[in-house]
There are 2 protein chains.
Amino acid sequence: MTQATIAEYMQQVGKNARRASTVLAAAEAATKNKALNVIADLLEEKGDYLKTQNALDLEAGAAKGLDAALLDRLALTDERIASMAEGLRQIAGLADPVGEISGMSYRPSGIQVGHMRVPLGVIGIIYESRPNVTADAAALCLKSGNATILRGGSEAIHSNKAIAECIQQGLQASGLPADCVQVIETTDRAAVGELLKLKDSVDVIIPRGGKGLIERVSADSLIPVIKHLDGICHVFIDEQADEAKALAIAVNSKTHRYGTCNTMETLLVAAPIAATILPKLEALYAEHDLELRGCDRTRDILPNCVVATDEDWDTEYLAPILSIKVVDDMDAAIVHINAHSSQHTDTIVTENFTKARRFLREVDSASVMINASTRFADGFEYGLGAEIGISTDKLHARGPVGLEGLTSVKYIVFGDGHIRT
Amino acid sequence: MTQATIAEYMQQVGKNARRASTVLAAAEAATKNKALNVIADLLEEKGDYLKTQNALDLEAGAAKGLDAALLDRLALTDERIASMAEGLRQIAGLADPVGEISGMSYRPSGIQVGHMRVPLGVIGIIYESRPNVTADAAALCLKSGNATILRGGSEAIHSNKAIAECIQQGLQASGLPADCVQVIETTDRAAVGELLKLKDSVDVIIPRGGKGLIERVSADSLIPVIKHLDGICHVFIDEQADEAKALAIAVNSKTHRYGTCNTMETLLVAAPIAATILPKLEALYAEHDLELRGCDRTRDILPNCVVATDEDWDTEYLAPILSIKVVDDMDAAIVHINAHSSQHTDTIVTENFTKARRFLREVDSASVMINASTRFADGFEYGLGAEIGISTDKLHARGPVGLEGLTSVKYIVFGDGHIRT
C-alpha cells in the first residue's frame, strides 16, 4: 500500500470503530458475555487453523533469524490456545462496569446528582509479538464496552489475523458488529503513525511492549496514551523490621521472577541493622546465583559485592542482578526512592506504625506496600480479575489497569422540571 | 529576557515547584487551611495595594485600547477582593481529599489492598485576564496538595504579582514553602512555550480561557492537559414531556445566562408535539429578544424564524441566539446530539421512564440530565464546593473539576510478611 492508501485505510478503520463503539456502549452485559464465551469456544474449535496460521509466522520468524526466546513467545500451542479461551471465559464472568450508577445525592436546589460509569469509546492497542494479547486485550475492551483497533507485531500477523477472524465471527454470532474489534491488516509501519493521528475516532492509545515502543508511541501520539513504562521497584528494610519478614520479602521481591516489572531492582537497608541482615541476605541470594552491586557502605559489610555506579540506581535489570544501598534511616530511603523509583511499586518492611504510615503517604508510587512483596503489584492479585497493563501515569489510571481503568464516568442529573434561579 | 534566559528561568520555576510539592503533599489539612485563611485576610488587609497595582494594569490596558468589557473583567474592586477572600475561606472549609484511604479489602493471598488519594504534584495553569483566577486556582491546588505555576494574561501582570505576594506571604506565615504557588514574572510569550516543555517537573496543565488558548496549549504541550473546550449543549423535548416543565427548562437553559458554557445552544423538539409547543416557546423567547434559527420543519410552524444552516448545529453562540430542530423521535435526537454536541451537557424532558433511561445511557456527554436545566452543570451546583473548570475530556476528569479532579489515587497494600508463591 502507498502512504496515501494507508492513511485512507486507517481513517476507514477509525470510522468503523467509532460506529461500532456506539452500538457496543449500549450493549447489555449478557450480549457481551455471550460474545466472549462464543469467541472462547471458536478459538478452541479452530485450534488447528490457528496453529497452521501461526506456523507461517514461526517459519517467517525463523527465516528472519528471530532468536529462540522470541520464537517461543510467538508460538501458539494447544495449551496456550486453551489458556486464551479460559482468559476470555474469566472476563465474561466479571461484573460489567458499564452503566453502574453511584453516589446519587440530593442537592439544595432539589436536583439529584451522581455518576454513571461509561466506556471510553475506541481504544487503540499497539503491542509486540505475543499473539495471546490479541484475544486478551480485545476481551477486556469488549467487556468494558469499548471498540478496539489492534496493531500487533508484524512477526505475528498471520496468527493475529486468524485470532481476529474468530473474534469477529463470535461478535456477529452474538449480534454485535464485527468492527467492535479490528486487527490492522497491513504490517507497514506507516499504519502506526496514521493510527496515532486519528484523534477524532480513537479515544486512547495503550502501548504494550518494551520501553522503546512506549516512548516512541508517547512521543508521536496526538491521542492520550495510557503508559506502562519501566519498573524500578524498591524494598526498604527499616531498622525496626521483623527480620524473618524482611528476609522473605527481600528474596521473594527479587527472585520470584526476574523479567517482570514488579520485581525489586534496588534494596535499601537501614544502617543500624545492615551489618546483621546483609550477610544473611547474601547467603540467601547466593542460592539464586544473584549478582549483587553495592554502595560503599554495603561493600564494607559484603566485600565480594560489585561496585554499584550511579547508573545502577536508575536501571531496570530484568535479570538476576540486584543493587543494594545502605541508608541512614527512612527519610533517606524516601528521598532515594522518590528520586530513583519509576513510581511503579515500593515496599517498606517495618513493625513501626508511625514509619509505616509516613512511608505510605510520602512515597509517590502507583503501589506503596507495607510488609509485602513487590510481586503482588498485579491486576489479578489486586482483585481486578484481569489487567491490560500497569500504568505508571498519574492521570486517569494508575497502577494495574483492569476493566474500570478502561472506562470513564459521566455526571447524571435527575430533576422534576428544575431550573436554576 | 532572551530565549535562553527564559528557558533557564522556567526550568528553575519548575524545580522550585517540584521541591515545594513534596512538602505540600505531606502537609496536614490544618496547615493548608491556615494558609488559605491567612491569605484571605492578607488580600483584604492589602486591598489598597492590590487596587494600586491593578490601576497600573487598567491604565496600560486603556492605553493599549482594550474594550470596556475586557477592562471591566480586569478591574479589582473592594467587592471583588472580598469575594476572592470569601472564596479562599470556603475552600479552607472543604474536606481535605488528600490521604483518604478507601476500599481496603482482603485478597485470597492474605494481603489487604485499597486506594489512597494523593495530589497530582505540580499543576501549571494558563489563564486569561481575570485576576481573581490567580487566587481561586492557587487555592484549589493548595487544598488538593499540589504546587502551582500560574501564568496569567500579560494585561493583568501587576495585579497577579500583587496577589501572588499575598499568597506567598500567607504560605510562609503558615510554615509552607513560598514556592507552593509561583506566578511567572515575565509576560514574554516564550515562557508559555517553555512551561509546556517541563514534563519532568509539571504533571498537568490546565488552560482556562477561550477556545483559541485551549487549542494552542493542547497542541503544543508535552504535558497532559485537562481541557475545557466549548459547550454546545442541547435540550430535547420528547413527545411525552410535561409541557410546563419543558417550557421552563427550555427557557431557563437558554436565557438564564448567555455567555456560559452550560447554556443551551440547540433545542430539539419531537415532531408530534412541535406544532403545539413551538409557538408557546416563540412567545416566551420573544420576551428575551432571542433570535431563533430553525430547520425547515421548524419554519413550517414558526415562519418568522431565520433559516438555520449546517454551521448553526456546530456553533456555540454565547449570545441571545438559539437554533431549533424538529426531530422524528428520541432516536433521531440522540443521533443529532452525539454528532453535534460538544459532549458538555445535554438534557431530555420526558415523563417516559424507558426513554429517560435510554437517553441517560446513550448520550455520550460529561453531564446528561433528565428534566433539569443545562445550567445546573456547575461545580457548586453539583456539590464540589468549587471548580477549576469543566472538563470536556473523557480521561481522568470529566465534567466540573473540583478538588478530587486535582488528585490521583495510588494502590496501597498491607501485609504481614506476605510473599507471592
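Taking the criterion of being in a helix (DSSP H, G or I) and polar (S, T, N, Q), the only residue of region B:260-290 that qualifies is B:276. Has region A:63-70 got at least one residue that is open to solvent by less than 70 Å² (accessible area, probe 1.4 Å), farther than 23 Å from residue A:119 by Cβ and touching a helix residue (DSSP H, G or I) at 6+ places or on another chain (Cβ under 8 Å)? Yes, region A:63-70 contains a residue that is open to solvent by less than 70 Å² (accessible area, probe 1.4 Å), farther than 23 Å from residue A:119 by Cβ and touching a helix residue (DSSP H, G or I) at 6+ places or on another chain (Cβ under 8 Å). Here residue A:136 meets each of (1) modelled with pLDDT of 95 or more; (2) open to solvent by 10 Å² or more (accessible area, probe 1.4 Å) with one exception, condition (1).
In the set A:257, A:297, A:293, only one residue is assigned to a strand (DSSP E or B) and either open to solvent by 20 Å² or more (accessible area, probe 1.4 Å) or more than 21 Å from residue A:374 (Cβ to Cβ) (or both); that residue is A:293.
The requirement of being in contact with a helix residue (DSSP H, G or I) (Cβ under 9 Å, 6 or more places away or on another chain), of a type outside the set (A, V, I, L, M), at pLDDT 95 or above and open to solvent by less than 40 Å² (accessible area, probe 1.4 Å) is fulfilled nowhere in region B:206-221; no residue meets it. Set side by side, the residues B:87, B:93, B:103 differ, and just one is surrounded by 17 or more Cβ atoms within 10 Å (Cβ to Cβ) and more than 9 Å from chain A (Cβ to nearest Cβ), which is B:87. Conditions first: (1) without any contact (Cβ under 8 Å) to a residue 60 or more places away in the chain; (2) within 26 Å of residue A:80 (Cβ to Cβ). Residue A:139 passes all but one, so which condition is the exception? Of everything listed in (1) without any contact (Cβ under 8 Å) to a residue 60 or more places away in the chain; (2) within 26 Å of residue A:80 (Cβ to Cβ), residue A:139 misses just condition (1).
Would you confirm, using the coordinates I've provided, whether residue B:214 is free of Cβ contacts under 8 Å to residues at least 24 places away in the same chain and part of a helix (DSSP H, G or I)? Here the answer is yes, as residue B:214 does meet what is asked.
If you filter region B:303-321 down to residues that are in a loop (DSSP other than H, G, I, E, B) and buried (at least 18 other Cβ atoms within 10 Å of the Cβ), you find that the one that is farthest from the chain's Cα centre (by Cα) is B:305. For region A:62-76, indicate whether the set of residues that are in contact with a Leu (Cβ under 9 Å, 6 or more places away or on another chain), within 14 Å of chain B (Cβ to nearest Cβ) and not small (Gly, Ala, Ser) is non-empty. Checked against the condition, which is being in contact with a Leu (Cβ under 9 Å, 6 or more places away or on another chain), within 14 Å of chain B (Cβ to nearest Cβ) and not small (Gly, Ala, Ser), region A:62-76 yields no hits at all. Scanning region A:369-396 for residues that are more than 7 Å from chain B (Cβ to nearest Cβ), in contact with an Asp or Glu (Cβ under 8 Å, 6 or more places away or on another chain) and of a type outside the set (Asp, Glu) turns up A:374, A:379, A:380, A:384, A:386, A:388, A:390, A:392.
Considering the conditions (1) farther than 18 Å from residue B:146 by Cβ; (2) within 14 Å of chain A (Cβ to nearest Cβ); (3) surrounded by fewer than 18 Cβ atoms within 10 Å (Cβ to Cβ); (4) not polar (S, T, N, Q), residue B:29 is excluded by exactly one of them, (1).
Step by step: first the residues of region A:324-365, then only those that are more than 29 Å from residue A:211 (Cβ to Cβ) and in a loop (DSSP other than H, G, I, E, B), then the one that is farthest from the other protein chains (Cβ to nearest Cβ). Which residue is that? Only one residue tops the list, namely A:328. All of A:408, A:373, A:365, A:391 fail the test of being open to solvent by less than 40 Å² (accessible area, probe 1.4 Å) and over 23 Å from residue B:420 (Cβ atoms), apart from A:408.
Just to be sure, is residue B:312 in contact with a Lys or Arg (Cβ under 7 Å, 6 or more places away or on another chain) and modelled with pLDDT of 95 or more? Considered against the rule, which asks whether it is in contact with a Lys or Arg (Cβ under 7 Å, 6 or more places away or on another chain) and modelled with pLDDT of 95 or more, residue B:312 comes out as yes. Whenever a residue of region B:1-27 is at negative phi, its partners that are among the aliphatic types (A, V, I, L, M) and open to solvent by 80 Å² or more (accessible area, probe 1.4 Å), lying with C-beta atoms within less than 8 angstrom and at least six residues away or across chains, give the pairs B:9/B:1. For region B:370-398, a residue qualifies if it is closer than 28 Å to residue B:244 by Cβ and not aliphatic (A, V, I, L, M), and the qualifying residues are B:371, B:373, B:374, B:375, B:376, B:378, B:380, B:381, B:382, B:383. Here are some conditions: (1) more than 10 Å from chain A (Cβ to nearest Cβ); (2) more than 16 Å from residue B:253 (Cβ to Cβ); (3) not polar (S, T, N, Q). Residue B:418 meets all but one. Which one does it not meet? Tallying (1) more than 10 Å from chain A (Cβ to nearest Cβ); (2) more than 16 Å from residue B:253 (Cβ to Cβ); (3) not polar (S, T, N, Q), residue B:418 fails exactly one: (1). Scanning region B:110-159 for residues that are part of a strand (DSSP E or B) and more than 14 Å from chain A (Cβ to nearest Cβ) turns up B:125, B:126, B:127, B:148, B:149, B:150, B:151.
All conditions but one from (1) assigned by TED's automatic domain parsing to the domain that holds residue A:126; (2) within 25 Å of residue A:387 (Cβ to Cβ) apply to residue A:252; the one that does not is (1).
The number of residues in region B:228-248 being aliphatic (A, V, I, L, M), within 20 Å of residue B:313 (Cβ to Cβ) and open to solvent by less than 30 Å² (accessible area, probe 1.4 Å) comes to 3.
Listed here are the residues, each with its yes/no results for (1) under 16 Å from residue A:88 (Cβ atoms); (2) at pLDDT below 95; (3) open to solvent by less than 10 Å² (accessible area, probe 1.4 Å).
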| position | (1), (2), (3) |
| --- | --- |
| A:123 | no, no, yes |
| A:128 | no, yes, no |
| A:131 | yes, yes, yes |
| A:147 | no, no, yes |
| A:174 | yes, no, no |
| A:196 | no, no, yes |
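Taking helices (runs of 4 or more DSSP H) as the structural unit, those lying wholly within region B:1-103 and holding at least 3 residues that are at pLDDT 95 or above correspond to B:3-25, B:29-45, B:47-64, B:78-93. The numbered conditions (1) out of contact with any Ser or Thr (no Cβ under 7 Å at 6 or more places or on another chain); (2) within 30 Å of residue A:346 (Cα to Cα); (3) within 14 Å of chain B (Cβ to nearest Cβ) are all true for residue A:249 except (1).
The values are calculated or read from the model by the stated rules, or taken from the named source; none is laboratory data. Since we're looking at a predicted model, the values are computed, not measured. Using ideal geometry, Cβ is built from the backbone for each residue, glycine included, and neighbour counts are taken over all protein chains shown. Accessible surface is based on the protein model in full, side chains and every heavy atom, while ligands, DNA and RNA are left aside. Shrake-Rupley method; radii C 1.70, N 1.55, O 1.52, S 1.80 Å.
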